[in-house]
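Worksheet for the structure shown next.
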Amino acid sequence: PCVSRVSPTPVLQTEIWQLECFYINLDSASQRRQNLESNFNAVRSPRWNLTRYPAKDVAFVEAQNIPGRLRPAEKACFASHRDLILQSMQVEGHVMIMEDDACFGRLTCEAVDRHIVDNAQLAGWDMVYTDVGIPNIGDMVEMVRMRQQLDPVTLNFFDLRAIAYAGATAYIVHKDSKRKLYDLLSQAATLDVPYDLYLRKLVVESRITALAAFPFVTTLSDDADASQIQLGAHGMTETALGLFRKMIWRERDLSAQRALLAQLDRDFCDEESRAFGTLWAAMANRNFRIK
């Protein structure tokens with residue numbers, strides 16, 4: 001199979017704790033700040049705290065003369081995540097790190113509490129992503145199959161070494177792995193690879209152990225359609241990959257995506273792609289079977 005699953009494990013309740021959540025946000029992005037905080041406050045658990053981390057900006061990158069081939073905005077993103085992980089060492093316990101286009105659902109806190117933080121038998125992880133971008137069509141199809149087969153309350157995990165992925169919108173860092181992760185990130189003398197792909201390289205090389213919760217327990221907000229990292233208009237690729245994340249997550253609303261799906265079809269699909277799309281749609285149906 002394309003995806004290597006980690007079997008779900010019994011939930012063992014441990015000590016009472018607080019989960020500290022940090023989100024990275026530019027000073028100039030006040031609307032994003034308001035949107036994320038409103039979303040969080042509407043669904044939060046009493047045991048969750050949310051703190052804004054002021055994002056590094058292009059001016060910081062230029063003032064520090066940070067070397068590397070990345071664009072200044074991408075360097076600022078990398079530096080923001082790295083330095084936030086350093087700051088998180090001041091906090092006890094696991095921490096959740098997010099970009100400001102993350103979106104919580106009403107079941108997010110319960111899922112993370114029960115199946116990740118309070119799950120003493122889910123051992124050996126450094127990071128757990130609460131959602132990721134999936135660029136490979138084959139992996140997408142398998143995820144659709146997995147989602148159809150899972151019990152609605154079941155949360156599975158898959159080992160990210162077994163799958164191509166992108167994104168670092170929302171992830172949890174183990175309480176004992178903060179220093180390890182920061183040290184590995186600090187080894188990048190020049191910033192040549194985007195932050196999410198640098199993390200993926202560490203995962204593929206087995207230098208960190210990263211899992212992804214599935215079905216995803218967070219997703220992208222509408223603010224993701226106006227990414228601050230990508231240059232230019234939001235393209236077909238970013239739109240399609242972002243839509244898949246919204247359509248596969250635990251609390252999806254397929255009807256809410258109709259307008260954007262129609263726009264993709266109108267702007268980017270031709271006769272050939274529509275023909276193959278119909279075949280893939282049939283294969284994604286839960287009644288499709290290969291004997």
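The values are calculated or read from the model by the stated rules, or taken from the named source; none is laboratory data. The shown structure was predicted, so the numbers you read here are calculated from the model rather than taken from an experiment. When we count neighbours, we look across all protein chains shown, and the Cβ atoms used for this are built from the backbone with ideal geometry, even at glycine. The area values use the complete protein model at the heavy-atom level, side chains included, leaving out ligands, DNA and RNA. Shrake-Rupley method; radii C 1.70, N 1.55, O 1.52, S 1.80 Å.
Pop a pseudo-label 7 angstrom from the Cα along the beta-carbon direction at both Asp270 and Asp27 and give the gap in nm to one decimal. Between Asp270 and Asp27, the label points sit 4.8 nm apart. Note on surface exposure: Leu279, Leu243, Leu261, Leu26 rank Leu279, Leu261, Leu26, Leu243 by accessible area, highest first, 1.4 Å probe. Put simply, the amide H of Tyr53, placed in the peptide plane, has neighbours under 5 Å in Tyr23, Ile24, Asn25, leaving out anything fewer than 5 places away on its chain.
Take the chain with all the other protein chains still there, run a 1.4 Å probe, and you get 50 Å² of accessible area per residue. Put Val217, Val141 in order of accessible area, highest first, and with a 1.4 Å probe you get Val141, Val217. Partner lysines whose Cα lies under 25 Å from the Cα of Lys178, excluding those fewer than 8 positions away in the same chain, are identified as Lys56, Lys75, Lys201. Membrane-span-like helices in the chain, defined here as complete DSSP H runs extending at least 30 Å along the helix axis by their C-alpha atoms with mean Kyte-Doolittle hydropathy no lower than 0.5, are absent; this is a sequence and geometry rule, not a statement about a membrane.
For segment 100-232, what is Rg from Cα atoms divided by 2.2 N^0.38 Å, rounded to two decimals?
For segment 100-232, the normalised Cα radius of gyration comes out at 1.08.
Placing pseudo-labels 7 Å out from each Cα toward the beta carbon at Ala123 and Arg44 gives an inter-label distance of 3.4 nm.
Each DSSP beta bridge with both residues in segment 125-217 is either parallel or antiparallel, and the antiparallel ones are about 75%. In the neighborhood of Leu185, defined by Cβ-to-Cβ distances under 15 Å, what is the net charge if each Lys or Arg adds +1 and each Asp or Glu adds -1? Charge balance in the 15 Å sphere: +2. When only alpha carbons are used to place a centre, segment 261-277 and segment 121-190 end up 30 Å from one another. Other residues with beta-carbon under 15 Å from the beta-carbon of Asn39 carry, at +1 per Lys or Arg and -1 per Asp or Glu, a net charge of -3.
The gain in end-to-end length when the Val204 to Asp183 segment is fully stretched comes to 5.8 nm, 0.36 nm per residue minus the alpha carbon separation.
Share of carbon and sulfur in the accessible area of the chain stands at 52%, probe radius 1.4 Å. With 0.36 nm allotted per residue and the present C-alpha distance subtracted, the Ser255-Met283 stretch has 8.0 nm of extension available.
Can you show me the helix-derived [θ] at 222 nm for the chain, built from DSSP H runs with n ≥ 4 at -39,500 (n - 2.57) apiece and divided by the number of residues, rounded to the nearest 500. Each step should come with its number before you reach the end.
On the way: 10 runs with 113 residues, N = 291.
Taking each H run of at least 4 residues, the total per residue is -12000 deg cm²/dmol.
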